[in-house]
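Chemist: Take a look at this one; I'll ask things after.
The values are calculated or read from the model by the stated rules, or taken from the named source; none is laboratory data. These figures come from a predicted structure and were not determined experimentally. Cβ atoms come from the backbone with ideal geometry, glycine included; neighbour counts cover every protein chain shown. Only protein heavy atoms, including side chains, enter the accessible area calculation; ligands, DNA and RNA are left aside. Shrake-Rupley method; radii C 1.70, N 1.55, O 1.52, S 1.80 Å.
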Amino acid sequence: MVLPSTGQVSKSQIRMPGVYPQADSYVCTSLELSDEENYLTGFKALATKGTAHHILLFGCEEPGSDEPVWDCGEMNKNSDSDIPRAPTCGSKPAILFAWAMDAPALQLPKGVGFRVGGDSNIRHLVMQVHYMHDKQEPDETGLGISHT
């Protein structure tokens with residue numbers, strides 16, 4: 001999507017709220033977007049490959065759960081997690097960004113961005129983190145997001 005020429009760039013974050021993940025778990029958290037139209041223009045992982053195997057950022061009309069975090073490992077049927085289980089998105093999922101293995105930040109080309117909020121179908125951002133190992137301390141893995 002081509003951006004309007006007057007957009008000023010801001011930065012936001014979406015982070016896990018201190019979860020204690022189990023090995024080979026998929027955990028999701030969501031961020032409700034404002035009614036104002038925005039364009040996502042850049043992404044930076046706030047994680048290392050020692051903590052997260054990969055991170056996916058979805059744009060959803062509705063998140064898969066209203067809980068602060070949920071087990072969204074739809075392909076991992078053997079989960080014995082204590083957190084509620086639900087799909088990543090409740091409706092209309094779209095992958096906006098993917099990160100893995102200490103990949104660098106991504107800045108979209110000038111004038112390009114993902115339209116979210118406003119009258120778009122993307123009303124929530126959902127971050128899915130795949131954890132390869134148990135973590136004994138609370139984890140706040142996340143993404144830094146540049147937007148107009």
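Chemist: Taking the solvent-accessible surface of protein heavy atoms with a 1.4 Å probe, what is the per residue accessible area of the stretch 37-148 in Å²?
Modeler: 50
Chemist: Related question: Could you give me the ³J(HN,Hα) list for the stretch 32-44, computed from phi with Karplus coefficients 6.51, -1.76, 1.60 and θ = phi - 60°, whole Hz, x at Gly and Pro?
Modeler: 6, 8, 6, 6, 7, 5, 9, 10, 7, 10, x, 9, 9
Chemist: Grab the Cα-Cα distance for ALA100 and SER12, subtract it from 0.36 nm times how many residues apart they are, and report the gain in nm with one decimal.
Modeler: My answer for the length gained is 29.7 nm.
Chemist: With each label point set 7 Å from Cα along the Cα-Cβ vector, what nm distance links LYS49 and LEU31?
Modeler: 2.5
Chemist: A follow-up question, please. Please check the chain for the longest run free of trypsin sites (Lys or Arg not before Pro) that are loop-located per DSSP (anything but H, G, I, E, B) and have at most 13 other Cβ atoms within 10 Å.
Modeler: 1-76
Chemist: Charges on Cβ only, +1 for Lys and Arg, -1 for Asp and Glu, centred on the Cα centroid of the chain; of LEU33, ALA23, LEU108, which one is farthest towards the dipole's positive end?
Modeler: In the chain, that residue is LEU108.
Chemist: Place a +1 charge on the Cβ of each Lys and Arg in the stretch 93-146 and a -1 charge on the Cβ of each Asp and Glu, then give the dipole magnitude about the Cα centre in debye, rounded to the nearest 20.
Modeler: For this selection, approximately 400 debye.
Chemist: Provide the per-residue ³J(HN,Hα) series for the stretch 117-134, in order, calculated from phi with Karplus coefficients 6.51, -1.76, 1.60 and θ = phi - 60°, each as a whole number of Hz, with x at glycine and proline positions.
Modeler: x, x, 9, 6, 7, 9, 9, 9, 9, 10, 9, 10, 10, 9, 9, 8, 10, 4
Chemist: Then there is this: Have a look at PRO84, GLY117, TYR131 and report the one farthest towards the positive end of the charge dipole of the chain, computed about the Cα centre with Cβ charges (Lys/Arg +1, Asp/Glu -1).
Modeler: GLY117
Chemist: Would you work out the charge dipole size for the chain about its Cα centre, treating the Cβ of every Lys and Arg as +1 and the Cβ of every Asp and Glu as -1, and quote it to the nearest 20 debye?
Modeler: 640
Chemist: Determine, from the Cβ-Cβ distance of GLN107 and ASP66 and an R0 of 22 Å, the FRET efficiency 1/(1 + (r/R0)^6), rounded to the nearest 0.05.
Modeler: Efficiency, from the Cβ-Cβ distance: 0.10.
Chemist: Still on this structure, please answer the following. If you filter the stretch 83-148 for chymotrypsin sites (Phe, Trp or Tyr not before Pro), then keep DSSP loop positions with at most 14 other Cβ within 10 Å, what is left?
Modeler: none
Chemist: Let me ask you something else. Cross-link partners among lysines for LYS110, C-alpha distance below 20 Å, same-chain residues fewer than 8 apart left out?
Modeler: Correct list for LYS110: LYS11, LYS44.
Chemist: Amide H neighbours of GLU62 under 5 Å, counting only residues 5+ apart in sequence or on other chains, H built in-plane at 1.01 Å?
Modeler: Long-range HN contacts for GLU62: GLY90, SER91.
Chemist: Once neighbouring chains are kept in place and the probe is 1.4 Å, which whole percent of the accessible area of the chain is contributed by carbon and sulfur?
Modeler: Result for the chain: 51 percent of the exposed heavy-atom area is carbon or sulfur.
Chemist: Given a Förster distance of 25 angstrom, what is the FRET efficiency for ARG85 paired with TYR20, based on the Cβ-Cβ distance and rounded to 0.05?
Modeler: Given R0 = 25 Å and the Cβ-Cβ separation, E is 0.95.
Chemist: Here is a follow-up. If you work out Cα extents along the principal axes in Å from the coordinates, which of [x] 48, 30, 22; [y] 57, 32, 22; [z] 61, 38, 28 do you get?
Modeler: Of the listed options [x] 48, 30, 22; [y] 57, 32, 22; [z] 61, 38, 28, [x] comes from this structure.
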